[in-house]
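**Student:** Got a structure here, written out as structure tokens. Questions coming.
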Amino acid sequence: MSLLILSDGRFPAGGHAHSGGAEAAIAAGRVHDTASLEEFCRGRLSTAGLVAAALAAAAASGHDPLLLDDAADARTPSPALRQVARRLGRQLMRAARAVWPSPDLDRLAAARPAGAHHPVVLGLVARTAGLSPQDAAQAAAYDSVCGPVNAAVRLLGLDPFQATAVLARLSGAIEHTAAQASEHAARLPVDGVDALPAASAPLLDITAEQHATWPVRLFAS
């Protein structure tokens, strides 16, 4: 049940205001229908999604969230995306502390008043809610594609049924990404944060910086 609550789009974590790069991709014509949306999501899942899922799994395993937050910074070269990740982390922290009060969440909130990276907070919240590292990885992987799909419905006027079908087709890839992420996180006791993936998506980084300068936009990122 905790995983369902955490992954529910109605959970007040602020994700509804972010497109995960879909708004810029749609404006550039790279995403224009369900097929191109699915390809965009698969690319995002194997890069930013994998990194986020591994960070979440590591945090859910009980590793130092401050160390993981620094590792997230190092894996997020775009200043705009670092700001977005911390803003989302701060909002998730606010919601989670109301739902699952915890000294661990309080300590991280005090140490990172501007917000810790979203996947690190997500993993710590999952641990607080009694979820496993695999659960945390699945939630992060799902989150990495759910935002773009929901945004595309609004930006392109896609049929919501067809957009949901995209998520259904991605379910196997989400599970695979979560499993990979959990394996990376399990190696932290031996290899340290170097065990975490650093898969890059340069185009997402570039378009995030461009999107941040737009005077008019529907989504915050």
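The values are calculated or read from the model by the stated rules, or taken from the named source; none is laboratory data. All values derive from a computational prediction rather than experimental measurement. All Cβ positions, glycine included, derive from the backbone under ideal geometry; neighbour counts span all protein chains shown.
**Student:** Select, from Ala140, Ala95, Ala129, Ala152, the only residue that is among the small types (Gly, Ala, Ser), in contact with a Phe, Trp or Tyr (Cβ under 6 Å, 6 or more places away or on another chain) and touching a residue at least 60 places away in the same chain (Cβ under 8 Å).
**Tutor:** Of the residues listed, the single one that is among the small types (Gly, Ala, Ser), in contact with a Phe, Trp or Tyr (Cβ under 6 Å, 6 or more places away or on another chain) and touching a residue at least 60 places away in the same chain (Cβ under 8 Å) is Ala129.
Okay, residues lined up against (1) modelled with pLDDT of 95 or more; (2) part of a helix (DSSP H, G or I); (3) not hydroxyl-bearing (Ser, Thr, Tyr):
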residue	(1), (2), (3)
Ala116	yes, no, yes
Leu124	yes, yes, yes
Gln134	yes, yes, yes
Gln138	yes, yes, yes
Gly147	no, yes, yes
Ala173	yes, yes, yes
Ala185	yes, yes, yes
Pro197	yes, no, yes
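**Student:** Here's a follow-up. Could you list, in sequence order, all residues of the range 71-128 that are among the hydroxyl-bearing types (Ser, Thr, Tyr) and either on the phi > 0 side of the Ramachandran plot or in contact with a His (Cβ under 6 Å, 6 or more places away or on another chain) (or both)?
**Tutor:** Those that are among the hydroxyl-bearing types (Ser, Thr, Tyr) and either on the phi > 0 side of the Ramachandran plot or in contact with a His (Cβ under 6 Å, 6 or more places away or on another chain) (or both): none in the range 71-128.
**Student:** Here is a follow-up. Determine which single condition Thr47 fails, assuming it passes every other condition in (1) buried (at least 24 other Cβ atoms within 10 Å of the Cβ); (2) under 20 Å from Gly21 (Cβ atoms).
**Tutor:** The number of the failed condition is (1).
Residue-wise test of (1) in contact (Cβ under 8 Å) with a residue 60 or more places away in the chain; (2) within 18 Å of Pro119 (Cα to Cα); (3) among the aromatic types (Phe, Trp, Tyr); (4) crowded, with 24+ Cβ neighbours inside 10 Å.
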{"site": "Ile5", "(1), (2), (3), (4)": "yes, yes, no, no"}
{"site": "Gly9", "(1), (2), (3), (4)": "yes, yes, no, no"}
{"site": "Ala22", "(1), (2), (3), (4)": "yes, no, no, yes"}
{"site": "Val31", "(1), (2), (3), (4)": "yes, no, no, yes"}
{"site": "Ser36", "(1), (2), (3), (4)": "no, no, no, no"}
{"site": "Glu39", "(1), (2), (3), (4)": "no, no, no, no"}
{"site": "Ala53", "(1), (2), (3), (4)": "yes, yes, no, yes"}
{"site": "Leu67", "(1), (2), (3), (4)": "yes, yes, no, no"}
{"site": "Pro79", "(1), (2), (3), (4)": "yes, yes, no, no"}
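**Student:** What do you reckon, is Gln91 within 22 Å of Ala198 (Cα to Cα), polar (S, T, N, Q) and surrounded by fewer than 24 Cβ atoms within 10 Å (Cβ to Cβ)?
**Tutor:** no
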